[in-house]
Amino acid sequence: MITVEQAFDRIVGAAAPLTTEKVDVAKASGRVIAAPIAARRSQPAADMSAMDGYAVLSSDLTGSSTKLKLIGESAAGHPYGKTVKKGEVVRIFTGAVVPNGADQVVIQENVEAGHLSIETNVAAQSGANIRPMGIDFLEKQTVLDAGTYMSAKSIGLAASAGQAQLMVHRRPRVAILSTGDELARPEKTSFSTFDTVNSSGPQINALIEETGAEICFVGQAGDTLGALTDAIKNNADADILVTIGGVSVGDKDFVQEALKAEGMALDFWKVAMRPGKPLIFGKRDSQYVLGLPGNPASAFVCALLFLRPLIDKLMGRPAPFPGGVKIPVATDLQANGSRLHYMRARIIGAPGERMVDPAASQDSSLLTVLAQCDGLIIRPIDDGPVSAGSLVPFLPF
């Protein structure tokens, strides 16, 4: 049996980002760029007005009443194409190109405008209310480095730089296979007393969708070697195969045997943690295989600790070990044993006085407890008793 840290290193630490593909910039949210992005243009491409007003020669302004001749207009997308000379002004709007010759914009509130002239007492201030060419970025300048996580703000920058398509790391294709004769689908009309509704499949599916991975299969297989082998064989093209349940060594637990029969090289299958001790990890050629425990809380915790970071790593995103943040605990905690314990807990208290309160029951089958909680208190191996108010590591979810 290995530690959680060792399991994380073998699953996530050894993984590398997937190959690359091009995507439209508008569809790049959540992706990681695989190459630096250089601007195809300067932004702005010319000196632009930052305000509505009048483009003038600063040398014409004296600080006392000055009358100037109005010769034209410059609007966004419609520049004034001539040079402004001494004693002349051009009406200008926000985002419009500053005409040649002009080096200051007087805002309209400081102008008395007539039909063919304007009057102002503004003092000279070269560059006032003008955004210089290239103040944001210059042509050929690198605006986003390789490895950048693309969010709304970085997508806007890439588009502004004139990049319609981005080279990003490919999204991993993930297959989810729930196992067990007892499993019933949630849409079943009526349930038998021996049915267990398949909750972990939809739960893990939702967790994966949040990462941006591509879910290529979600299904179930019964507790026979043939059914499991067929399902595993049919998903050989997935980058990650996730099985749920059947990972122990009982008479009906055929998952590990089926995976080995289909070419999986087993790395490990026990981790010193609770919930989630029986966790399979191996590889089938380039496919990552994660066999999650059957209990819903166990499957969720293992997916949170190992599957989600693995997807992040394959997509090129940072995937640090999920060590949590320190928050005061609301109650006394008993000493922990020989396995790292992830205790489901709620955040309570007013803002600025937040504490974490562990659930009264830590039974790994209880979905009500999982749904009501906000994260996991992390109890180190052989940790002593903890008093209420002490800081404990907490991993939000």
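The table below gives the values:
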read-out	value
Stretchable slack from Thr196 to Asp9, in nm (0.36 nm times residue separation minus alpha-carbon distance)	64.0 nm
Structure-based [θ]222 nm, the chain - -39500 (n - 2.57) summed over DSSP H runs of at least 4, per residue, nearest 500	-4000 deg cm²/dmol
FRET efficiency for Leu70 and Ser29, using Cβ-Cβ distance with R0 set to 51 Å, rounded to 0.05	0.65
Isotropically averaged projected area of the range 48-131, using the convex hull of Cα atoms (one quarter of hull area), nm²	4.3 nm²
Shape of the range 318-397, Cα gyration tensor, a/c cut at 1.5	rounded
Potential lengthening between Thr83 and Thr62 on full extension [0.36 nm per residue; Cα-Cα distance subtracted]	5.4 nm
Gain upon complete extension [Arg40, Ile348; 0.36 nm per residue less C-alpha separation]	105.8 nm
Most mobile listed residue (Ser338, Ser65, Ser365) in the chain, GNM with C-alpha springs under 10 Å	Ser65
Directionally averaged shadow of the range 253-397, computed from the convex hull of its alpha-carbon atoms, nm²	9.8 nm²
Amide N of the range 59-85 lying under 18 Å from the label point, which is placed 7 angstrom from the Cα of Ile107 along Cα→Cβ	63
Candidates Gly30, Gly337, Gly180: whichever shows maximal mean-square fluctuation once the chain is modelled as a Gaussian network with Cα springs under 10 Å	Gly337
The chain: translational diffusion in µm²/s, Stokes-Einstein, Kirkwood Rh over Cα pairs, 25 °C, 0.890 mPa s	96 µm²/s
Span per principal axis, largest first, for the Cα atoms of the range 67-212 (Å)	92, 36, 24
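Read-outs: derived from the displayed coordinates by stated rules, not from any lab. Here the structure is a predicted model, which is why all the values come from computation and not from measurement. Using ideal geometry, Cβ is built from the backbone for each residue, glycine included, and neighbour counts are taken over all protein chains shown.
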